[in-house]
1. If I go through region 79-90 residue by residue, how many of them are open to solvent by 60 Å² or more (accessible area, probe 1.4 Å) and within 15 Å of the chain's Cα centre (by Cα)?
2. Here are some residues: V71, V112. Which one is more than 25 Å from A149 (Cβ to Cβ), open to solvent by 20 Å² or more (accessible area, probe 1.4 Å), assigned to a helix (DSSP H, G or I) and β-branched (V, I, T)?
3. Among the residues of region 30-53, what is the count of those that are surrounded by 15 or more Cβ atoms within 10 Å (Cβ to Cβ) and outside any helix (DSSP H, G or I)?
4. Sort out which residues of region 81-127 are among the hydrophobic types (A, V, I, L, M, F, W, C) and closer than 23 Å to Q53 by Cα, and write them in order of number.
5. So which of D92, D68 ends up being touching a Phe, Trp or Tyr at 6+ places or on another chain (Cβ under 7 Å), at pLDDT below 95 and under 30 Å from V125 (Cα atoms)?
6. Out of everything in region 123-134 that is open to solvent by 60 Å² or more (accessible area, probe 1.4 Å) and not basic (K, R), what residue ends up being nearest to Y86 (Cα to Cα)?
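The values are calculated or read from the model by the stated rules, or taken from the named source; none is laboratory data. In this text, all values refer to a predicted model and were calculated from it rather than measured experimentally. Note that we place each Cβ from the backbone using ideal geometry, even for glycine, and neighbour counts take in every protein chain shown. Surface accessibility is based on the protein's heavy atoms, side chains included, excluding ligands, DNA and RNA. Shrake-Rupley method; radii C 1.70, N 1.55, O 1.52, S 1.80 Å.
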Amino acid sequence: MSDFWRLFFSIILALPLTFLTLPAHSSPILITQITAGDFLELGVDKMRHGDYQEAIENFNQAIALEKDLAVAYSDRCLAYLQLQDYHQAIADCTQAINFAPDNFEAYLNRGVAHYREGDYPAAIVDHNRAIALKPSDFRAYYNRGLAHAGDGKDSEANGTKKTGNAYQLSALQLLT
């Protein structure tokens with residue numbers, strides 16, 4: 001074979017190999033940054049699976065990236081409630097309320113933490129605020145009734161329970 005043909009076949013083989021390389025070999029590596037929202041989603045997923053300690057770590061990372069992320073404090077509060085660390089749950093719900101004063105879930109969960117610590121008057125105050133924010137949610141009425149009963153105010157607890165049951169029944173009727 002002559003030198004000409006060798007050169008010709010070499011060029012024919014070299015050109016496709018040069019220009020038809022796989023994109024993975026020729027494209028730059030993209031580094032994506034994990035956001036506070038990503039850590040928040042991971043934490044919520046861990047909560048769904050009952051891994052509360054790991055969820056708290058994810059919420060900590062979300063807060064480290066975005067200090068005023070009220071929902072991360074609120075969700076971490078719920079994880080601490082599940083671990084029965086009521087003091088830390090109250091602190092996180094309070095922080096969530098500081099960043100988002102109309103956060104219904106933070107008042108509801110902080111009220112539960114106060115109730116479980118035996119601080120019934122504080123629980124009642126938080127549940128009253130939750131009711132003011134979302135009067136159609138029966139959970140706040142129910143929890144306030146429990147706090148009244150724990151505080152020895154059974155007559156107020158019965159009234160709250162009836163109101164909560166009425167909202168619960170109306171919510172069920174809406175679903176049917």
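1. 1
2. V71
3. Result for region 30-53: 1.
4. Once the filter is applied, which keeps residues that are among the hydrophobic types (A, V, I, L, M, F, W, C) and closer than 23 Å to Q53 by Cα, region 81-127 yields L81, L83, A89, I90, A91, C93, A96, I97, A106, L108, V112, A113.
5. D68
6. Ranking the qualifying residues of region 123-134, first place goes to V125.
Results for (1) in contact (Cβ under 8 Å) with a residue 24 or more places away in the chain; (2) under 28 Å from K67 (Cβ atoms), shown as yes or no for each residue.
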position	(1), (2)
Q88	no, yes
T94	no, yes
F99	yes, yes
L108	yes, yes
I124	yes, no
A147	yes, no
